[in-house]
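I have placed the structure first, in the form of structure tokens, so that the comments after it can refer back to it.
We did not get these values from a lab; they are worked out from the coordinates using the rules stated. In this text, all values refer to a predicted model and were calculated from it rather than measured experimentally. Note: ideal-geometry Cβ built from the backbone for every residue, glycine included; neighbour counts use all protein chains shown.
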Amino acid sequence: MTTAKNTSLRVEIVLDLTCVHSYIGFTRFERAADRHRAAGGELDVVFLPFQVSPEAPPEGMPLSEVHLGFFGSAEQAAQATANMAAVGAKDGLELDFARAVHVNTFEAHRLLAAAADQGLGEPMAERLFRAYLTDGLNIGDRATLDRLAAETGVRPSPGGAEELRAELARVRSLGIRSVPVFRFGGGASVAGAQPEETFRNALAAAAAADR
């Protein structure tokens, strides 16, 4: 059993909100985090922004078109997305790549930063992932983001753009080139959509080292 602590264990999560691996990894981490908290542990989850496709258009385009260019054929794209959807289904996620809108995630990251400042980063991240990969919503659209914020109880901030640009550059300067990455208590890091057990073990190890 995890020993209750007087101070929170810091966990930094580097992710992009249109990245399916980030969504699956975050979902598995959240289950591990729920168990850690249920056992009396405290977590301070910090989101670090990353853009897999910083050149993506803010107005969006069908993700299927991007996949066609990446995989080279409709058949290969369909097989790859079907395989990933099957992986997501095992974690209770409904991944609808046919509806997804490939879009620049700058504004979505800005909303996530505002939510984190209000103590709502985790539910906001989940809602943004689901909006993109399940609901087929354009998470670069301001009106859509405002509606998602309202659903989650977040007050959007009009500022933060320059701070976000600086943070995106800082994260890149750390040598991170793919996501997700989870950093536990300033110590061990876990990369990729690892099994829930991996996250549970990382949390337990970090908590023990932090005593």
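Worth a mention:
- When only Cα pairs below 8 angstrom with a gap of at least 6 residues are kept, the chain shows a relative contact order of 32 percent.
- Loop-located trypsin sites (Lys or Arg not before Pro) in the range 1-85 (DSSP state other than H, G, I, E, B) with a sparse environment of at most 14 neighbouring Cβ atoms within 10 Å: K5.
- Residue exposure proxy: H109, H67, ordered by other Cβ atoms within 10 angstrom of their Cβ from fewest to most, comes out as H67, H109.
- Total formal charge among the other residues, if their Cβ is under 11 angstrom from that of R130, Lys/Arg +1 and Asp/Glu -1: -4
- From the largest down, the range 9-209 spans 49, 39, 34 angstrom on the principal axes of its Cα atoms.
- Overall form of the range 9-48 per C-alpha gyration tensor (a/c, 1.5; a/b vs b/c): oblate
- Considering only V52, V66, V20, the Gaussian network model of the chain with Cα springs below 10 Å gives its largest mean-square fluctuation to V66.
- Proximal charge balance of A78 [Cβ under 15 Å; K/R count +1, D/E count -1]: -2
- Looking at the chain alone, DSSP beta bridges between its own residues are antiparallel in about 55 percent of cases.
- Full-extension gain in nm, E162 to A209, via 0.36 nm per residue minus C-alpha separation: 13.4 nm
- Most to least packed among 171-179, 123-131, 96-104 [average Cβ atoms within 10 Å]: 123-131, 96-104, 171-179
- Using a Förster distance of 41 Å, the FRET efficiency for S64-R155 (Cβ separation, nearest 0.05): 0.75
- Neighbourhood charge, 10 Å Cβ-Cβ cut-off, centred on L120 and excluding it, Lys, Arg +1 and Asp, Glu -1: 0
- Coil-residue GluC sites (Glu not before Pro) of the range 1-66, DSSP, other Cβ within 10 Å capped at 11: E55, E59
- Using a simple spin-label model with pseudo-atoms 7 Å out from Cα toward Cβ, A191 and R37 lie 2.9 nm apart.
- Where only DSSP H runs of four or more residues are counted, the chain gives -16500 deg cm²/dmol as its mean residue ellipticity at 222 nm, each run worth -39500 (n - 2.57).
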